[in-house]
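One structure below.
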C-alpha cells in the first residue's frame, strides 16, 4: 500500500486529508483488507509533515476500526464488506453535503445542480470500472457487492 498518490490539497487539516485518502482507497478497492500501511515515519517523510500529524491520522483510522496496529509491527487495514459500505455512505454524504453547501453559496438551484450532475455522468460515458459510474456497467456490480448485495 502506498500513499505516493496522496496530494495535499489544502482542504482541511493534513491528518484529515490522509484519513480521507485511505477511506477513498478502501471504498475504491485500491486499498485492500489485510494490506500493510507504510510506517508513520515513512509517510511523514513522503509528505513532508510532522510525524505527529500522521500519528493523528492513523489513530483516527484505528478508532474507526479501519486500521489495526500492534506493537512492533506495521499497521494493517482491517475492513469487511459492511464496513466498506458504511465508509462509502459516509463519504457520499460528506462530499455531497460539501457540494450542496458550495452550490447554495453560488445561488445554484436544485434543478440546475441536478441537470449538471446528470450531464457530467452522461459525459463520463458508460461505466467500465475505470472511472465514474452511471449505474449501467460492471462497477455497479462492485457497488452492489460492497453494499452486501450479490450483484449480477
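Below, the figures for the structure above:
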read-out	value
Sites residue 39 and residue 103 - FRET efficiency at Förster radius 41 Å, r taken between beta-carbons, to 0.05	0.55
Rounded FRET efficiency, nearest 0.05, which uses the C-beta distance separating residue 5 from residue 112 and R0 of 25 Å	0.15
Size of region 8-112 as Cα extents on the principal axes (Å, biggest first)	54, 33, 21
Zone residues, region 4-42, relative to residue 68, backbone N less than 14 Å from point 7 Å out along Cα-to-Cβ	33-37
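Values quoted throughout were computed directly from the atomic coordinates according to the rules given, and no laboratory measurement underlies them. Treat the numbers as computed from the prediction; the structure is a model and nothing was measured. As a convention, Cβ positions derive from the backbone with ideal geometry for all residues, glycine included, and neighbour counts pool all protein chains shown.
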